[in-house]
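The values are calculated or read from the model by the stated rules, or taken from the named source; none is laboratory data. Computed from a predicted structure; not experimentally measured. With ideal geometry, Cβ positions are generated from the backbone for all residues, glycine too; neighbour counts draw on all protein chains shown.
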Amino acid sequence: MDRLRSPRPELDDLVPYEARDIRADVVLSANENPHNLPGELLEKLADRVRSDIAFNRYPDPLATHLRTMIAEANGLDAGNVLVGNGGDEIILDVVLAWGGPGRSLVDLPPTFAMYGIDAHMTGTEIIEVPRLADFDVDGEALMRAIEERDPDIIVVSNPNNPTGTMAPETLLIDVLAATDALVLVDEAYFEFSRQTMRPHMERNPNLAILRTFSKAFSLAGLRAGYLLANPEVIRELTKVRQPYSVNRFTQVAASLAFRERMVFEAGVRDTIRVRDRLLHGLANLPGIEIFPTEANYVLFRVAQASSVWRDLLHDHSVLVRDVSRTPGLEDCLRVTVGSDEEIEKFLSAMDEIMASKRASEHFGLNATASRHMTKDGE
Ligand code: PMP
């Protein structure tokens, strides 16, 4: 056969998520932890690899050791916890189980792209409730959508990626009370915001909370995330999930990191300190608008954002995320809070780029002025 049948038509409008692998000296584009696992944890992990990881055996499908530890730390039972191959896998599981043809998901754009992508590819209708100009959730419109459209899933990224905004707890309480839809509160950046909906789980069987090992815990490369939810939710998700998605090595590494999570506390405090330095540095650059953030990244607006993004990469080898083509984020870039040195490099690169923009604008004005003068002189 010299032809290939088309895949499902839903895929026509989709583009692969961030398929490009762009190299740079300073990578501030994916909200990762700037530091690898601390040395003592790497040592312990190496010991475990040498002594007792049976790579020839399938992993425990439910990562029992890890889920029990996570449950205990959150005052829950193991049945309230699902571990996945990163938060991404769990988001897909939620959409597979609660979405699908004839069902709908409320999305609050601009927000994390995967909710919309997963809804789209599973034939789940997307009900968009756009955020307000300052990126706050439009509470009235959300409550109206719940009443009028009766959605099956509502997803709130909290803090919101890429804007850094938190939805008020009171609004989320109202949402939970107004619907029996599954309300997925994505707390991927919880360790930085230090705010959680966990206390509301007992009263709301429809609340599910997503967390990840990819940010504060330095494990983005190993893929581990977890969901806290009512056991009924977890049971349904185990019907759709890939049974062996969290491999043995990841289970051991994530368990070590979680057991020794106090080690990461200094890194979180450091990130919050460097974030202040980053916000302050950006605020001092003319022509830049910054948005408040509760996470380990900062969204800012700058004229000709894509050309600034290119200058950062090509002239300074600094990679940030260009989100300026996303509706509502025109002229916006997102920068991850890296190490002190990385942020100094980013800020000095921005300083140079903005100065040269100002100079060329000034030159542009002068060129116009001198043309006028010549004309006047004639
Ligand atoms: N939710 C949000 C809001 C995120 O920003 C991310 C990572 N970019 C994820 C979930 C998924 O993270 P991971 O799959 O690495 O756990």
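Quick look at the values:
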{"item": "Verdict on Asn247 being more than 15 Å from the ligand (Cβ to nearest atom) and in contact (Cβ under 8 Å) with a residue 24 or more places away in the chain", "result": "no"}
{"item": "Those residues of segment 193-225 which are more than 9 Å from the ligand (Cβ to nearest atom) and surrounded by 24 or more Cβ atoms within 10 Å (Cβ to Cβ), in sequence order", "result": "Ala208, Phe217"}
{"item": "Subset of segment 152-167 (residues that are in contact with a helix residue (DSSP H, G or I) (Cβ under 8 Å, 6 or more places away or on another chain) and part of a loop (DSSP other than H, G, I, E, B))", "result": "Asp152, Asn158, Pro159, Met166"}
{"item": "Within segment 259-318, tally of residues that are outside any loop (DSSP other than H, G, I, E, B), under 20 Å from the mean Cα position of the chain (by Cα) and among the hydroxyl-bearing types (Ser, Thr, Tyr)", "result": "2"}
{"item": "Any hit, segment 177-197, residues being among the basic types (Lys, Arg) and outside any loop (DSSP other than H, G, I, E, B)", "result": "no"}
{"item": "Qualifying positions in segment 82-141 - away from the ligand (no atom under 16 Å from the Cβ), part of a helix (DSSP H, G or I) and not hydrophobic (A, V, I, L, M, F, W, C)", "result": "His120, Gly139, Glu140"}
{"item": "Any chance Leu227 is of a type in the set (A, V, I, L, M), under 30 Å from Gly39 (Cα atoms) and in a loop (DSSP other than H, G, I, E, B)", "result": "no"}
{"item": "Output for segment 142-159, where each listed residue is away from the ligand (no atom under 16 Å from the Cβ) and closer than 20 Å to Ala97 by Cα", "result": "Ile146, Arg149, Asp150, Pro151, Asp152"}
{"item": "Checking Ile343 against (1) in contact with a Leu (Cβ under 9 Å, 6 or more places away or on another chain); (2) closer than 17 Å to Ile22 by Cβ; (3) touching a residue at least 40 places away in the same chain (Cβ under 8 Å), the condition it does not meet", "result": "(2)"}
{"item": "Looking only at segment 160-189, and only at residues there that are of a type in the set (S, T, N, Q) and within 14 Å of the ligand (Cβ to nearest atom), the one that is farthest from the chain's Cα centre (by Cα)", "result": "Thr165"}
{"item": "Yes/no for Thr250 being in the same structural domain as His65 (by TED's automatic domain parsing) and assigned to a helix (DSSP H, G or I)", "result": "yes"}
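Per-residue answers, yes or no, for (1) assigned by TED's automatic domain parsing to the domain that holds Arg211; (2) exposed (fewer than 15 other Cβ atoms within 10 Å of the Cβ); (3) free of Cβ contacts under 8 Å to residues at least 24 places away in the same chain:
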position: Phe55; (1), (2), (3): yes, yes, no
position: Tyr58; (1), (2), (3): yes, yes, no
position: Met69; (1), (2), (3): yes, no, no
position: Glu72; (1), (2), (3): yes, yes, yes
position: Phe112; (1), (2), (3): yes, no, no
position: Ile126; (1), (2), (3): yes, no, yes
position: Ala133; (1), (2), (3): yes, yes, yes
